[in-house]
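Single-structure report; data block below.
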Amino acid sequence: MVFKNNCRVNYRPKINYKREVRGTMTDKRKLYYATCRKYANLTQEEAVERLHLADAQTLSRYENGHVKPDQTLVAKMIRVYGVPSLAQWYVHHTNPDLAPWLAEVTALKSDGDVYLQAELAARILCALLKRLRKILRENENVAADKKTPCIRDGYRLAAGKTLSIVSYIDDNAGIY
């Protein structure tokens, strides 16, 4: 995601679905298909049956990034796993031109959405913490560092995800 000041932070990597000669991903980054499946308490075999896939190896290829799932399959995953915000994550990573138009604070619709947003916020915060540690190790002033605008925008993004979670909990407090 490109921020106002044209900085880029590495917590939202582009997924590289091109395969090497041996069939492995050239860029092993975390994909959230398996995270959402595990949240739904489904084994690969159960998910394969519900998603109408050929076998567990096919699902494994999607979850490990060896093959890019199409929109129809992602829509099935969203329904089966109960994580509607997976759609937003999918658009962010497969169509970066549309990503800036998506809201960072979203209305979460399920506990699965809360789980996914918490995972994404944790990933963002880990990347930002590494950058802050590096700045402080080099005895630099955080406010004077040239990456500070990116760090600020990254914390705003993490805050948006956290606010989505808090809003969901507040709205559903009477249910639990």
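Numerical summary
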quantity	calculated
Residue count, segment 101-117 (criterion: within 22 Å of residue 47 (Cβ to Cβ) and assigned to a helix (DSSP H, G or I))	7
Checklist (1) at positive phi; (2) surrounded by fewer than 17 Cβ atoms within 10 Å (Cβ to Cβ) applied to residue 98, failing item	(1)
Residue count, segment 69-87 (criterion: surrounded by fewer than 18 Cβ atoms within 10 Å (Cβ to Cβ), under 12 Å from the mean Cα position of the chain (by Cα) and not hydrophobic (A, V, I, L, M, F, W, C))	0
Matching residues, segment 157-173, being of a type outside the set (Val, Ile, Thr) and either more than 22 Å from residue 112 (Cα to Cα) or under 15 Å from the mean Cα position of the chain (by Cα) (or both)	157, 158, 159, 160, 161, 164
Residue among 47, 54, 159, 107 that alone is within 19 Å of residue 35 (Cα to Cα) and aliphatic (A, V, I, L, M)	47
Flag if residue 120 is part of a loop (DSSP other than H, G, I, E, B) and either under 16 Å from residue 31 (Cβ atoms) or at pLDDT below 85 (or both)	no
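The values are calculated or read from the model by the stated rules, or taken from the named source; none is laboratory data. All values reported here derive from a predicted model rather than from experimental measurement. In this analysis, Cβ positions are derived from the backbone assuming ideal geometry, glycine residues included, and neighbour counts consider all displayed protein chains.
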